[in-house]
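Okay, structure first, notes after.
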Amino acid sequence: MLISLLAVGLRLSVASAEEASVYTPQSALQSTPMRVEVIDATSFRDIETGARYRLYGVDSCLAMQTANLNRQSWPCGAVAIAWLTNATLGKWVSCNALRETAGQLLSRCASSEHQDLAADMLKEGLAIVLPIAEGQEVRAYSQLQDQARKQYKGLWSSQFMMPWDLRAKQAEGSASSR
């Protein structure tokens, strides 16, 4: 009896030691699946909680921004917003929040049809990798952007202003009009 109790105790202590030596990554907390409302081409809001999410590592055309393809203007901002709306409307979305900035959760997000919304926007040429973003995901994003650029997809078939430059130009214009 004593030997069997010792054997059980030994098995428990070995199991505890094995569990203690198992590495488990401490990844970012994933949100519960949610329904969202698109705010702009790279951000949306959880319709239940109101939490705002912004896609990590990418930017896209502003809502009213246009691009030019062979002297023909097209609404790149509206197209990008429509793509994100179509990718999330009536679908479950979940996000891994990386950090909070300006009241939004900077996140990697997926829908029931897209494993990584930002990556799929890059593949379609509807998003641009942020020049200041860092990390392994961004290197993969840069490769997707390069492929879209080589295939002249979306924005890469057209002349357009980088969204961060357009924002700066608009801010400069509004500051000088005061």
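Can you work out ³J(HN,Hα) from phi for every residue in segment 49-54, in order, using Karplus 6.51 cos²θ - 1.76 cosθ + 1.60 and θ = phi - 60°, giving whole Hz and x for Gly and Pro?
Ordered by residue, 3J(HN,Hα) equals 9, x, 4, 9, 10, 10 Hz.
Using only Cα atoms, what is the ratio of the radius of gyration of segment 75-178 to 2.2 N^0.38 Å?
Relative to the rule-of-thumb radius for its length, segment 75-178 sits at 1.18.
Considering only protein heavy atoms, what per residue accessible area in square angstrom results for segment 56-178 with a 1.4 angstrom probe?
That works out to 58 Å² for each residue.
Enumerate the lysines that Lys153 could reach by cross-link, defined here as Cα to Cα under 18 Å, with residues fewer than 8 away along the same chain left out.
Reachable lysines: Lys123.
Round to the nearest 0.05 the FRET efficiency obtained for Ser73 and Thr32 when R0 = 41 Å and r is the Cβ-Cβ distance.
0.50
The values are calculated or read from the model by the stated rules, or taken from the named source; none is laboratory data. These figures come from a predicted structure and were not determined experimentally. Cβ atoms come from the backbone with ideal geometry, glycine included; neighbour counts cover every protein chain shown. Remember, those area values only see protein heavy atoms, side chains included, never the ligands or the DNA or RNA. Shrake-Rupley method; radii C 1.70, N 1.55, O 1.52, S 1.80 Å.
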